[in-house]
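Laboratory data are not the source of any read-out in this text; all were calculated from the coordinates shown. None of these values were measured; they are calculated from a predicted model. Don't worry about glycine lacking a Cβ; one is built from the backbone with ideal geometry, like all the others, and counts go over all protein chains shown.
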Amino acid sequence: MKKTALITGILGQDGPYLAKLLLEKDYKVYGMTRRYSLPNFGNVEYLGIHHDIDYVDGDMTDESSLMNIIKSVRPDEVYNLAAQSFVKASFEQPKFTTDVNALGVLYLLNAIKYFSPTSRFYQASTSEMFGLANDGGYQDENTNFHPRSPYGVSKVYAYWMTVNYRESYNMFTANGILFNHESPIRGIQFVTRKITDGVAKIKLGLATELRLGNMEAKRDWGFAGDYVEAMWLMLQTDKPDDYVVATGETHSVQEFVEAAFAAADIPDWKKYITIDPRFKRPAEVPHLCGRVDKATKQLGWKPKVSFAELVKMMVEADIKRYEMASVSRQS
Ligand code: NAP
Ligand code: G4F
C-alpha cells in the first residue's frame, strides 16, 4: 500500500518541492488548493509534477472544507504549509493573517482529531516567532519567542496549538521551526527573489533600478529543496518533537545584493539600488541565525546548498526565464 500525504499550500514555494520529494518516495500526494480566479500552477509545472498530484479543494478559513478533506482522504501524513506568509502584508491584514495562520491550524488539528487521529501532522512554524530574541546571536529550540509582526504572533499561536494537541490527545504532531529558505520559485515579493529578479532585468537591459527597504536586516538563508527533506524526516521519527531547521550562517540583505550582482557579473551594484521607505516595516526582525544541532543529531539532517550556490542558482534561473520569454515573443 502506498503511503498518502496531504499538503496544504501545494502551489506556494515549499509545497511543490515537498510534493516532488514525496512522489520520489512513492507517496500518493493530495494537494489542497483554494478557489482561484485564474489557475496558478506555475510552481508545480516548473518542477514537472503538476499531473502527478491529486488536487482537493479547501480553504484554511473554512473549517467544514478541512473536515471533508480529512474525512475523505484520511492521509497518513498531513503537511500544513498553507499560510498568508508575507510578513509585511500581515501588518496591513492582521485579521486575515490570523484567520489563516492561527485559526486555520486549529480547524485542521480538530479535523484530524475527529476524523483521522492517527494521521501524522507537520506544522510550518518559523524563525519569525523568535523576532527580537536570541541567545548570544543564535536561536534554537530553547530560545524564547518575541514575535515582531502579526504574522509572527499568528505562528506562535499555531506552534502552541500543535504542541497542545500532541500533549492533550496523544496525536503525532511536529513543529518545524524553519529559518528563511529560498529557491527559483520563491514568491516575487520576498526580498531574495525580488533581488534576483531585479538583477536579471538589469543584466538584460530591462530595468535600471532596484528599490529596497532595510538592507541591514540579517537572515539565515537556505535552499527550500533541502528544507523539505527535514519536514519529511520529522514525521518519520518514533516520537514527535519540534526542530529548528537552518544553515547556522547569517547574511545581511546588502550581502545578498552584493552576491547577486556579482553572480550576474555586474560591477558597481550601488548605482542600481534605491532605498524606498515603502518597503520598510513598522517593526523589524534584525538578526536571525539558527542553531541546527538538534535536527542534525536526531534527524541526521544537514543543509547541502551554500549561500553562494543559492544566490547563483536564483540569479541564473531568473536570467534564463527572461531570455526564454524574449525568445518566445520573437518566435
Ligand atoms: P508561500 O509560497 O506563500 O505559499 C503559501 C501557500 O499557502 C500558497 O500556495 C497559498 O495559496 C496557500 N494559502 C494561503 N492562504 C490560504 C488559505 N486561506 N487556504 C488555503 N491555502 C492558502 O509560502 P512558502 O514559502 O511555501 O512557505 C510554506 C509555509 O512555511 C508557510 O506556512 C510559511 O509561513 C512557512 N514558512 C516559510 C518560510 C520560508 O522562508 N519560505 C520559513 C518558515 C516558515 P495560493 O497559491 O492560492 O496563494
Ligand atoms: O524576504 P522577506 O520578506 O522575508 P521575511 O520577512 O524574513 O519572512 C520570510 O521568512 C520567514 C522565516 O524567517 C517566514 F516565516 C516568512 O513566511 C517569510 O518566508 O524579508 C527579509 C528581510 C526583512 O528584514 C525585510 O525588511 O528583507 C528586508 N527587506 C529589505 N528590503 C525587504 C525589502 N523585504 C522585502 N520583502 N522587500 C524589500 O524590498
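A few notes on this one:
- Near-label residues of the stretch 240-272 by backbone N, under 16 Å of a point 7 Å along Cα→Cβ of residue 142: 242-244
- Computed from label points 7 Å out along Cα-Cβ, the spacing between residue 93 and residue 2 is 3.3 nm.
- For the listed residue pairs 218/302; 95/155; 28/294, the alpha carbons are over 23 angstrom apart in 28/294.
- Reachable lysines from residue 297, criterion Cα separation under 19 angstrom, eight or more residues apart if same chain: 239
- Net length available on complete extension from residue 320 to residue 207 is 39.1 nm, with 0.36 nm assigned per residue and the Cα-Cα distance removed.
- Rounded to the nearest 20 debye, the dipole size of the stretch 158-296 about its Cα centre is 540 debye, using +1 on the Cβ of Lys and Arg and -1 on the Cβ of Asp and Glu.
- A simple count of charges around residue 115, restricted to other residues whose Cβ falls under 11 Å of its Cβ and scoring Lys, Arg +1 and Asp, Glu -1, yields +3.
- Helix-only [θ]222 nm of the chain, DSSP H runs n ≥ 4, -39500 (n - 2.57) each, per residue, nearest 500: -12500 deg cm²/dmol
- Summed residue charge, Cβ within 11 Å of residue 254's Cβ, Lys/Arg positive, Asp/Glu negative: -1
- Once both labels are positioned 7 Å from their Cα atoms along Cα-to-Cβ, the gap between residue 68 and residue 330 label points is 4.9 nm.
- If the Kirkwood radius is taken over C-alpha pairs of the stretch 191-277, then at 25 °C and 0.890 mPa s the Stokes-Einstein diffusion coefficient equals 163 µm²/s.
- Positive-end residue of 131, 73, 244, charge dipole of the chain with Cβ unit charges: 73
- Distance-filtered residues of the stretch 313-329 - backbone nitrogen under 18 Å, label point 7 angstrom along residue 265 Cα→Cβ: 313-324
- The peptide list 308-314, 267-273, 119-125, put in order of mean Cβ contacts within 10 Å with the highest first, becomes 119-125, 308-314, 267-273.
- Using the Cα coordinates of the chain, the gyration tensor eigenvalues translate into equivalent-ellipsoid semi-axes of 32, 23, 19 Å, sorted from longest to shortest.
- Evaluated with a Cβ-only charge set (Lys, Arg +1; Asp, Glu -1), the chain carries a dipole of roughly 400 debye about its Cα centre, given to the nearest 20.
- The stretch 72-108 and the stretch 128-199: distance between their alpha carbon centers, rounded to Å: 12
- In range of the label at residue 281: residues from the stretch 205-236 whose backbone nitrogen is under 15 Å from the point 7 Å along Cα→Cβ: 213-221
- Nearest 10 degrees, 0 to 90: helix 63-73 Cα axis against the chain principal axis: 70
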